[in-house]
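Only one structure is covered here, and it is reproduced in the block below.
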Amino acid sequence: MFFVRRFMSMVALAAILFPSLSAQTPQPSPTQPASQQQKSQPKCTDNGTYVNSKGETVKRPENCSAAPQGATAQCRDGSYSFSQSRRGTCSHHGGVAKWL
């Protein structure tokens, strides 16, 4: 009898937890075209911002899985820069590997 009650308790617990786990799994939206469903944003570290020589606030270089929107250069260490002038871009990241 003990084992039956324990089994029923586990089944009830699984029934409660399973729908919450499946709800957390992102599903593609049927309203988006298939080409947009497969594209995803690059995953980046958020390193904050700095004020450049012109007094403008600019994002600090970030390590990303792909070139993020707004990046102007890829540094030699693999990070992406959002610098708005060429002077000093990637200066603490080994210099510029390529301009985007």
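Values computed for the structure shown
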{"quantity": "Those aspartates and glutamates that a straight Cα-Cα span of less than 14 Å connects to Lys54, excepting residues fewer than 8 apart in one chain", "calculated": "none"}
{"quantity": "Positive minus negative residues near Ala73 (Lys, Arg vs Asp, Glu; Cβ under 11 Å)", "calculated": "+3"}
{"quantity": "Packing-based ranking, highest mean first, of 70-80, 46-56 given that Cβ atoms within 10 Å are counted", "calculated": "70-80, 46-56"}
{"quantity": "From phi via Karplus (6.51, -1.76, 1.60), per-residue ³J(HN,Hα) for region 43-58 in Hz, x at Gly/Pro", "calculated": "8, 10, 7, 9, 9, x, 9, 9, 9, 7, 5, 8, x, 9, 7, 10"}
{"quantity": "For region 42-100, Kirkwood radius (reciprocal of mean inverse C-alpha pair distance, Å)", "calculated": "11.2"}
{"quantity": "Contour minus Cα-Cα distance for Gln69 and Ser91 (0.36 nm per residue)", "calculated": "5.8 nm"}
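Where a number appears in this text, it was derived from the coordinates with a stated rule and is not lab data. This one's a predicted model, so the numbers in the text were calculated from it and none came from an experiment. So basically every Cβ, Gly included, is an ideal-geometry build from the backbone, and we count neighbours across all protein chains shown.
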